[in-house]
Amino acid sequence: MNYIVSFSPTGKSLGAVRKLGELLGGEFEEIDLCSAEKRKEKFSFKSDDFVIIGSPVYGGRIPPVEGLFLNLSGENTPCVVCSCFGNRDYDDALLELKDKAQSQDFKCIGACALVIPHVYSQVLGKGRPDQRDIEEMKEFAEKVSEKLRSGDLGETAIKGNHPYKEWKPGGNVPIPCDRCVRCGRCAAECPVGAINSVDFGTDENVCIRCTRCLNVCPVSCREMDFSAVTKRLEENFSRRKDNEYYI
């Protein structure tokens with residue numbers, strides 16, 4: 001069986017990983033770890049399964065969600081890990097993701113860092129993956145397929161650092177405005193339970209600033225001022241970044 005396991009609050013990372021699965025061919029069952037209930041379940045994979053594990057990059061690391069991906073266990077299971085970043089950098093996120101997979105008995109036969117639209121910018125990563133990206137991804141998919149056909153479980157080396165880059169939380173969090181219709185969807189879909197169901201305010205110590213609640217609100221009533229972050233990012237990282245592949 002083929003699986004895609006992802007944590008993708010806005011769906012942008014999942015979209016890129018799905019494209020890779022499409023290029024690899026075959027059917028993929030999806031496991032969405034944005035659900036806290038799904039993160040409580042145990043998922044075991046066999047040696048003849050194949051798994052793509054994907055997530056966005058937050059501050060150069062995988063998302064700071066307690067226990068993320070630790071409910072997965074392999075059995076010498078071949079996998080590809082994918083870190084999706086918004087045209088800045090992926091720093092240590094891809095290595096961290098590989099380390100997690102490897103510690104749970106997966107064999108990381110390939111890895112990729114894919115550029116996707118940045119959640120805090122309408123400029124960075126806009127329209128990606130584009131056709132140029134897809135052609136590159138196709139070449140990578142062909143190499144992964146060849147390793148799977150040959151039974152080659154040789155693990156790939158990935159750049160990154162130990163210890164990983166320090167995660168530095170902070171900044172504004174989403175809050176409701178007076179247009180809020182109190183439907184509760186934001187609280188229900190927050191991946192980390194940071195939104196209360198009374199006034200739908202956000203706990204800044206729990207929120208991971210993923211913007212999922214902004215995306216799912218049916219009346220667009222949630223607000224988050226990330227203009228300063230956007231300005232800094234667009235001033236320093238607007239030049240097109242390349243995807244990176246390891247095989």
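The values are calculated or read from the model by the stated rules, or taken from the named source; none is laboratory data. Since this is a predicted model, take the numbers as computed values, not measurements. In this analysis, Cβ positions are derived from the backbone assuming ideal geometry, glycine residues included, and neighbour counts consider all displayed protein chains. Surface areas here come from the heavy atoms of the whole protein model, side chains and all, with no ligands, DNA or RNA. Shrake-Rupley method; radii C 1.70, N 1.55, O 1.52, S 1.80 Å.
I'd like to know if segment 100-110 contains one or more residues that are touching a helix residue (DSSP H, G or I) at 6+ places or on another chain (Cβ under 7 Å), open to solvent by less than 70 Å² (accessible area, probe 1.4 Å), at pLDDT 95 or above and β-branched (Val, Ile, Thr).
yes
Take ILE195 and tell me if it is touching a residue at least 12 places away in the same chain (Cβ under 8 Å) and open to solvent by 70 Å² or more (accessible area, probe 1.4 Å).
It is false that ILE195 is touching a residue at least 12 places away in the same chain (Cβ under 8 Å) and open to solvent by 70 Å² or more (accessible area, probe 1.4 Å).
Take VAL123 and decide whether it is open to solvent by 30 Å² or more (accessible area, probe 1.4 Å), assigned to a loop (DSSP other than H, G, I, E, B) and closer than 17 Å to VAL17 by Cβ.
no
Taking GLU223 as the residue in question, decide whether it is closer than 30 Å to LEU20 by Cα, open to solvent by 40 Å² or more (accessible area, probe 1.4 Å) and either in contact (Cβ under 8 Å) with a residue 12 or more places away in the chain or among the aromatic types (Phe, Trp, Tyr) (or both).
No: the conditions fail for GLU223.
Scan CYS207, CYS183 and give me the residue that is among the hydrophobic types (A, V, I, L, M, F, W, C), under 30 Å from LYS40 (Cβ atoms), open to solvent by less than 60 Å² (accessible area, probe 1.4 Å) and without any contact (Cβ under 8 Å) to a residue 60 or more places away in the chain.
Going through CYS207, CYS183 in turn, just one is among the hydrophobic types (A, V, I, L, M, F, W, C), under 30 Å from LYS40 (Cβ atoms), open to solvent by less than 60 Å² (accessible area, probe 1.4 Å) and without any contact (Cβ under 8 Å) to a residue 60 or more places away in the chain: CYS207.
Within segment 33-62, how many residues are outside any loop (DSSP other than H, G, I, E, B) and among the hydrophobic types (A, V, I, L, M, F, W, C)?
Qualifying residue count for the region: 6.
Taking interchain pairs and intrachain pairs at least six residues apart, which have beta carbon atoms under 8 angstrom, with the first residue in segment 23-51 and over 21 Å from LEU153 (Cβ atoms) and the second of a type in the set (Asp, Glu) and modelled with pLDDT of 95 or more?
Within 8 Å, the pairs are CYS34/GLU189; LYS38/ASP32.
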